[in-house]
Amino acid sequence: MEQLTFFERETSQPLADRMRPESLDEFAGQQHLIGPGKVLRRIIESDRVSSMIFWGPPGVGKTTLAHIIASTTHSSFITFSAVTSGVKDIRAVMQKAEENRRFGEKTIVFVDEIHRFNKAQQDAFLPFVEKGSIVLIGATTENPSFEINSALLSRCRVFVLKALGADDIIWLLKRALSSPKGFGNQNIEISDDMLEMIAGFANGDARSALSTLEMAVLNGDVDSNGDITVNREVLEQCISKKSLLYDKHGEEHYNLISALHKSMRNSDPDAAVYWLARMLEAGEDPLYVARRIVRFASEDVGMADPRALEIAVAAYQASHFIGMPECSVNLTQAVVYMSLAPKSNAMENAYFAARDDALEHLAEPVPMNIRNAPTKLMKDLGYGDGYIYAHDTKDKIAAMQCLPDSLAGREYYRPTEQGLESRYKERLEQIKKWKKDHTK
């Protein structure tokens, strides 16, 4: 059997693995946590690690930080995969950790993608974290407030890791080009402009940036001396399919729909169309976007432009009929319309105010005059007494109380002066004046 040299074994690993930092000084980014004197750095260097959760987007160093903790603390270190480990596996390791504790040895358990553990699996850690048998370090791309049991989360400190900046990524790339662990033993010619292109493509993900650099180098032009030149055409081929930062079931899903909604609310069609494109090109269900626009039409436009709801429903139907990619233009039309439409949140305010009263006065009886009386018994009991059929009156309106006595005179719909709603405000004021004048 042919035996590989040490160098061959090293370079057979992906570049991202070879360049994994082994100390905090080699770590890129997160200076708000591991910069000189910062809290996480002090915790690691003083070997006072307590249970914690690393929350951040992919490729920012969550797993790397766990490995650095493993190498710098005096603890037994165990790695769990939330994908392959069950409750039985967890309990077996926890028992071993409990034995280690009795002999004075600390055990750090690292759980990658801890949000993938179900409640039973997360609960299996809880008693051992409480007793101090283990120090739990979890890594997640999802908001821990939603994905981690509150009891477990309350016993962990959450550290938020941020997407790496372009400067951090470029520093990593240059380090990979110069380090013997990377391409330091080869002569690689690649311009700073192309490194900036890779950094932009990576979108804050160090692993993605290093993988892209590796692909570009492996496909570069090699001259007779073995020197490699990466040209722009090769690099453009490597990044021709940009993976957008998006998870249809994760936090970024809600961040982007929030960005779309708030851009329309702020009457910014350019921003709204951009966020729409971000969602659709990342694979979002167009019907989901359409449903959110339908909601927006009443929540943020309402009677200021009643046609907004028609436009939104039409966009939903068009998206249902033809699907992606053709329906993107229908959704764009709806998004631009909503952005330019006059705004009123009177519909939402009216409902929430009425909802609060409805919840507080659940037992309020329906006034007798507007009760239905389909049977003689109900008529004899007074159901419908005093009801006035508005269509039979001269003004097509009656001075008749329709709210319960305890809520009489309550106002929920308060129209604004925006767009067409000013007309409805004027009409409502006329109605209220008429009722006041005709009330005995």
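The values are calculated or read from the model by the stated rules, or taken from the named source; none is laboratory data. Model, not experiment: these values are computed from the prediction. Backbone-built Cβ (ideal geometry, glycine too); neighbour counts: all protein chains shown. All accessible areas refer to the heavy atoms of the entire protein, side chains included, with ligands and DNA or RNA removed. Shrake-Rupley method; radii C 1.70, N 1.55, O 1.52, S 1.80 Å.
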- Any idea how many residues of the range 47-56 are within 16 Å of H32 (Cα to Cα) and either of a type in the set (K, R) or assigned to a loop (DSSP other than H, G, I, E, B) (or both)? 1
- Among the residues listed as E360, E426, E417, E364, the single one being at pLDDT 90 or above, more than 30 Å from L260 (Cα to Cα) and either open to solvent by 100 Å² or more (accessible area, probe 1.4 Å) or in contact with a helix residue (DSSP H, G or I) (Cβ under 8 Å, 6 or more places away or on another chain) (or both): E426
- Determine whether V301 is under 16 Å from the mean Cα position of the chain (by Cα), crowded, with 19+ Cβ neighbours inside 10 Å, modelled with pLDDT of 90 or more and assigned to a helix (DSSP H, G or I). no
- Message: Looking only at the range 367-406, filter to residues that are among the charged types (D, E, K, R) and touching a Phe, Trp or Tyr at 6+ places or on another chain (Cβ under 9 Å); which one of those is surrounded by the fewest Cβ atoms within 10 Å (Cβ to Cβ)?
- Response: D395
- Message: Report every pair of residues separated by at least 6 positions or lying on different chains whose Cβ atoms are under 6 Å apart, first residue within the range 11-30 and aromatic (F, W, Y), second open to solvent by 10 Å² or more (accessible area, probe 1.4 Å).
- Response: F27/P21
- Kindly indicate whether V39 is among the β-branched types (V, I, T) and crowded, with 21+ Cβ neighbours inside 10 Å. no
- Task: Identify all residues within the range 274-286 that are buried (at least 17 other Cβ atoms within 10 Å of the Cβ) and over 20 Å from N203 (Cα atoms); write none if there are none.
- Result: P286
- Item | Residues within the range 304-332 that are under 25 Å from N349 (Cα atoms) and either touching a strand residue (DSSP E or B) at 6+ places or on another chain (Cβ under 8 Å) or surrounded by 23 or more Cβ atoms within 10 Å (Cβ to Cβ) (or both), tallied | 3
- Task: Go through the range 312-338 and give me each residue that's modelled with pLDDT under 95 and either on the phi > 0 side of the Ramachandran plot or of a type in the set (G, A, S) (or both).
- Result: A318, S319, G323, S328
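Do we find that H74 is open to solvent by 10 Å² or more (accessible area, probe 1.4 Å), without any contact (Cβ under 8 Å) to a residue 40 or more places away in the chain and either farther than 16 Å from G138 by Cα or basic (K, R) (or both) in this structure? Walk me through it before giving the result.
Working: open to solvent by 10 Å² or more (accessible area, probe 1.4 Å): yes; without any contact (Cβ under 8 Å) to a residue 40 or more places away in the chain: yes; either farther than 16 Å from G138 by Cα or basic (K, R) (or both): yes.
Taking the combined requirement at face value, the residue satisfies it.
Can we say S339 is closer than 30 Å to E411 by Cα and open to solvent by less than 40 Å² (accessible area, probe 1.4 Å)?
On the way: closer than 30 Å to E411 by Cα: yes; open to solvent by less than 40 Å² (accessible area, probe 1.4 Å): yes.
So S339 passes the test.
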- Segments classed as helices (runs of 4 or more DSSP H), wholly inside the range 309-412, with at least 3 members that are within 28 Å of the chain's Cα centre (by Cα) and in contact (Cβ under 8 Å) with a residue 40 or more places away in the chain: 328-340, 346-360
- Query: Applying the selection to the range 238-289, what residues are closer than 21 Å to S319 by Cα, modelled with pLDDT under 85 and among the polar types (S, T, N, Q)?
  - Reply: none
- Item | Meets criteria (open to solvent by 60 Å² or more (accessible area, probe 1.4 Å) and modelled with pLDDT of 80 or more) for R48 | yes
- Message: Go through the range 257-291 and report how many residues are in contact with a helix residue (DSSP H, G or I) (Cβ under 7 Å, 6 or more places away or on another chain) and part of a helix (DSSP H, G or I).
- Response: 21
- Among residues of the range 170-220 being surrounded by fewer than 16 Cβ atoms within 10 Å (Cβ to Cβ) and within 32 Å of the chain's Cα centre (by Cα), the residue modelled with the lowest pLDDT is G200
